[in-house]
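Written below as structure tokens is the structure these notes are about.
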Amino acid sequence: MNKDDQNKNLNKTTAGTNSNKNSKSSAAAAESNQQHSKSNKNKKNNNNNNNNNNGHNAIDIPMVEDPRVPPHIARIGGIVTFSPVAGQGVIRVVGRCEDAKENNMLDLSECELMQIPDAVYHLMRNTELKTCDLSGNVIKKISPKFALKFTLITELNLSHNHLSKLPDELADLNNLAKLNISHNSFIVLPPVVFKIPKLRELDASHNAIIEIDTDEIITSDNLEVVDLRHNPLGRTCHRRLKNIETPFRLEISEYNEDEDW
């Protein structure tokens with residue numbers, strides 16, 4: 001083999017080696033780019049998750065910076081059930097709780113509550129409440145905790161909410177004399193109302209009650225007034241209530257089978 005042929009073979013070998021090196025470099029670069037892309041994607045997903053979490057916290061656990069709200073209250077996880085105008089709701093509730101410490105009457109009506117915030121129980125822990133007004137909210141459930149925390153109340157207004165049942169623990173409210181559950185979503189009269197020992201006045205009007213246990217009504221000794229008007233009572237139930245003799249005044253609407261409930 002002459003010198004020219006050797007040079008040609010050397011050039012081919014060098015070219016092949018360079019080609020392999022370039023291929024490896026390209027593969028390494030591609031792998032690096034892919035990893036970089038994945039890293040960026042993960043960062044983006046993490047950022048999105050953080051943004052979503054921040055958005056959730058902004059609605060459910062508002063960070064209130066208003067000077068009227070004590071820092072320890074703003075951190076309490078109970079005030080999480082307000083509408084998107086959460087800061088104003090917190091301020092309103094805290095303000096009314098402060099008023100209740102002075103007059104023993106808690107008025108949380110029209111506060112857009114979905115439930116009673118834990119912060120309320122915290123704020124009222126050293127207050128002997130006599131009355132509690134929760135009307136005009138969007139409350140769907142009363143926690144058993146309510147009766148344990150507010151044992152001394154004599155009046156409870158739960159009207160104009162979305163309630164369909166009451167906890168049995170309300171029977172432990174030994175001083176409760178007036179209970180208003182009108183304008184809710186009850187389809188039966190909660191049995192617990194007949195177990196509240198000193199209950200005198202019960203307003204259950206404007207619900208969707210279709211049946212009443214007359215035996216339970218008769219056994220209620222302390223009741224003075226039971227308002228069942230504007231409920232879609234069935235024909236048989238309405239007739240029984242009309243003819244029943246009770247020791248209290250029973251108010252029901254006239255039966256109208258054409259009534260559109």
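Figures for the structure shown
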item	result
Rounded, prolate or oblate (a/c below 1.5 giving rounded, otherwise prolate when a/b exceeds b/c) for the stretch 85-148 by Cα gyration tensor	oblate
Contour excess over end-to-end distance, with Cα ends at Asn126 and Tyr255 and 0.36 nm allotted per residue	41.6 nm
Glu211/Asp118 FRET efficiency (R0 35 Å; Cβ-Cβ; nearest 0.05)	0.50
Whether the stretch 71-251 is rounded, prolate or oblate, judged on the alpha carbon gyration tensor where a/c under 1.5 counts as rounded	prolate
Charge sum, other residues only, whose C-beta stays under 11 Å from Ser185's C-beta, Lys/Arg counted +1 and Asp/Glu -1	+2
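Every number here is computed from the coordinates shown, using simple stated rules; none is lab data. Keep in mind that what you see is a predicted model, and the values were worked out from it rather than measured. Note: ideal-geometry Cβ built from the backbone for every residue, glycine included; neighbour counts use all protein chains shown.
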